[in-house]
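Undergrad: Provided herewith is a single structure, encoded as structure tokens, for subsequent inquiry.
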Amino acid sequence: MMREDKTKYGSASNHYLTALCEVAKANHLNLKRLLRRCNIDYGVINKPGLRVKTEKLSKLQSLVWRLLGDESARLCGIPMKTGTYNMMGLLTVHQPTLKQAIIRGIAFYNLVVADDFVELSLEGDKAELIFRLPSPESDHKFLFAEMVLLAWHRYCSWLIASSIPLSVVKFNYPPPPHVHEYHYLFPGEHEFNCQRLSIAFPAHYLSKPVKQNEGALSSFMQRCPLELFRQYKSDYSLTSEIRHLLISDIESGLLTIDLVASSLHMTSRTLMRRLKEEGTCFQQIKDVVRRDRAVMLLTQQNTPISVIAESVGFADPAAFTRAFRGWTGVTPKKFRDLHTAEIN
């Protein structure tokens, strides 16, 4: 079973909050009332670089879905009635292997959405899930495209209780302003302005057995869409172990990949290979830990930026500023200036 980690969700790009709010307004929903229900300050909308607690973002998305009665939030062109994703789960969770589950899921979505909505392509050791949106012009800020990729990747990883590494993710649109977020949401190589929208992964994962059941499915679906904003990590993932080590060491910043490997009784080469199999790398895990800690300090306290830099393992504030800009798209000072209300 998967152990519940209260810190696993972290924060999300302001882009998603702003896009959801724009969808809500376009569909004549009472946006201010929705934000109050999610404990989100209206003033944080459209503030690039100002991150939002993922739990709050997820609650807002769930409310928009439910009020519109459409799990695509009317971004697909063809309505997906509430419960569509769960029904796909019920049809696939009893399949013996991931491949058979995917085939069953594809048949279902191609029946209820469009004949060629999803396709599984196999070429050598590469499996590719290709998505053809019925009405791409309806997809505001590519929000639905991103949710489709997340929903399929996270669900497939959850089914086999193992994080499926993404070899290549292809986007049929140009790099968006929040492209820096893709490093965390879609770890792997990214290609933009492609002819199709797809995720590719090693084909041998298709033969892995499904390890979930209906009881676990019910719990997973209740946590959606929150589950979609994180990479699935099984209880014994190396990523999870390293994350815990880095969190405990974040202020000293002394843990290098060699020290972490030694503490886990393996060589650095083995550690890097196993992380690659889980679809990540040591620096990526370290960046996520540092970023979320820095965001928390910048939004909850009036701590000097130089002190925050030290508290997340940077001896040089300038180096911290460069790193933070890479993580969020803005400098720590700009981030704090944008923050007009405390986000918890």
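Undergrad: Work out the length of the dipole vector of the chain about its Cα centre, built from +1 on the beta-carbon of each Lys and Arg and -1 on the beta-carbon of each Asp and Glu, and round it to the nearest 20 debye.
TA: 720 debye
Undergrad: Go through [x] 22.8, 80; [y] 20.1, 57; [z] 19.9, 67 and flag the label whose value is the computed Rg and Dmax of the Cα atoms in Å for this structure.
TA: Calculated Rg and Dmax of the Cα atoms in Å: the matching label is [y].
Undergrad: Another one. List the relative contact order of the chain as a percent without decimals, with contacts defined as Cα pairs under 8 Å and 6+ residues apart. Write out the running numbers ahead of the final one.
TA: On the way: 502 pairs, mean separation 63.7, N = 344.
Once divided by the residue count of the chain, the mean separation gives 19 percent.
Undergrad: Express the relative contact order of the stretch 24-134 as a whole percentage, based on alpha carbon pairs under 8 Å and six or more residues apart in sequence.
TA: Relative contact order for the stretch 24-134 comes out at 14 percent.
Undergrad: State, to one decimal in nm, how far the label point of residue 276 lies from the label point of residue 25, with both points 7 Å from Cα in the Cβ direction.
TA: Reported label-point gap for residue 276 and residue 25 is 4.6 nm.
Undergrad: Give the relative contact order (percent, whole number) for the stretch 115-252; include only Cα pairs under 8 Å separated by 6+ residues.
TA: Values: 168 pairs, mean separation 39.8, N = 138.
With pairs under 8 Å counted, the relative contact order is 29 percent.
Undergrad: Per 0.36 nm of contour for each residue apart, how much would the distance between residue 331 and residue 137 grow if the chain were fully extended, relative to their Cα-Cα spacing?
TA: That works out to 66.5 nm of additional length.
Undergrad: First select every other residue whose beta carbon is under 11 angstrom from the beta carbon of residue 220; then total the charges, Lys and Arg +1, Asp and Glu -1. Numbers along the way, then the final one.
TA: On the way: positive: 154, 223; negative: 214, 227.
It works out to a net charge of 0.
Undergrad: So, by mean Cβ neighbours within 10 angstrom, what's the order for 319-328, 119-128, 74-83 with the highest one leading?
TA: Details: 319-328: 18.5, 119-128: 13.0, 74-83: 16.9.
Order by mean packing, descending: 319-328, 74-83, 119-128.
Undergrad: Let me ask you something else. Taking only DSSP H segments of four or more residues, each worth -39500 (n - 2.57), what value at 222 nm results for the chain once the sum is divided by all its residues, to the nearest 500 deg cm²/dmol?
TA: -14500 deg cm²/dmol
Undergrad: Report, in listed order, any pair from 141/211; 286/334; 99/276; 126/286; 81/211; 59/334 with a Cα-Cα distance greater than 31 Å.
TA: In this structure, 141/211 exceed 31 Å between Cα atoms.
Undergrad: Going by amide H atoms built from the backbone, whose H comes under 5 Å of the H on residue 74, apart from near neighbours?
TA: 80
Undergrad: Tell me, how many Å apart are the Cα centres for the stretch 34-88 and for the stretch 172-214?
TA: Between the Cα centre of the stretch 34-88 and that of the stretch 172-214, the gap is 21 Å.
Undergrad: Still on this structure: If you take the charge dipole of the chain about its Cα centre, with +1 on Lys and Arg Cβ and -1 on Asp and Glu Cβ, which of 272, 76, 210 is farthest toward its positive end?
TA: 76
Laboratory data are not the source of any read-out in this text; all were calculated from the coordinates shown. Just so we're clear, the structure is a prediction, and the values are computed from it rather than from any experiment. No Cβ is skipped: glycine too gets one built from the backbone with ideal geometry, and neighbour counts run over all protein chains shown.
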